[in-house]
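Notes for the one structure printed next.
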Amino acid sequence: MKILGLGGWSGAGKTTLLSKLIPELIRRGVTVSTMKHAHHGFDVDQPGKDSYVHRQAGATEVLVASEKRWALMHELRDVREPTASDLARHMSPVDLLLVEGFKREPHDKLEIYRAENNKPLLSTGDPTYVAILTDTPVSDTKLPVIDLNDVPAIADFIVKHCGLRTRLQSPEPELT
């Protein structure tokens, strides 16, 4: 399983890009999963639900399952936050795991950069960044710079960089 991150400051468009990039990669026959880093405490559970009660009672892990999906919640309970690599071991194998966030971890990453964020490039001095995806000219970099709005070009770069095999699927015919 190849792991590739998308790093960028808040508001750069990481999630928006992923929502366009995932279908493009799938169309090419690449199986994709994602991992997202949240900066604050978050809850996928709701107060009053049985799983919430189990977690609040002290369970380290709570798994909720139905005929459509399952979710595993793991409480850290004063244990250090796991790295992306630690978490990837829990993922089912796919061709590509796209990691949103975890911008300072050692896996290869694409930087999503927007000048209007008025923040510095993350890739400067960080060898784990392999390209910059942007909607503005970027100078003073040796990294490939790809138009943030050119999803097929970004997918081409990812496929080549990660050495993925593609099985191009025909687009669904339009109904008239």
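The values are calculated or read from the model by the stated rules, or taken from the named source; none is laboratory data. Predicted model, so just to flag it, every value in this text is computed and none were measured. All Cβ positions, glycine included, derive from the backbone under ideal geometry; neighbour counts span all protein chains shown.
Values as computed for the structure displayed
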{"read-out": "Test: residue in segment 22-43 that is at pLDDT below 90 and in contact with a helix residue (DSSP H, G or I) (Cβ under 7 Å, 6 or more places away or on another chain)", "value": "no"}
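Residue-by-condition table, conditions (1) surrounded by 14 or more Cβ atoms within 10 Å (Cβ to Cβ); (2) under 30 Å from Leu168 (Cβ atoms); (3) without any contact (Cβ under 8 Å) to a residue 12 or more places away in the chain:
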position	(1), (2), (3)
Glu81	no, no, yes
Asp95	yes, yes, no
Glu105	yes, no, no
Ile112	yes, yes, no
Thr124	no, no, no
Ala131	yes, yes, no
Val138	yes, no, no
Leu143	yes, yes, no
Pro152	no, yes, no
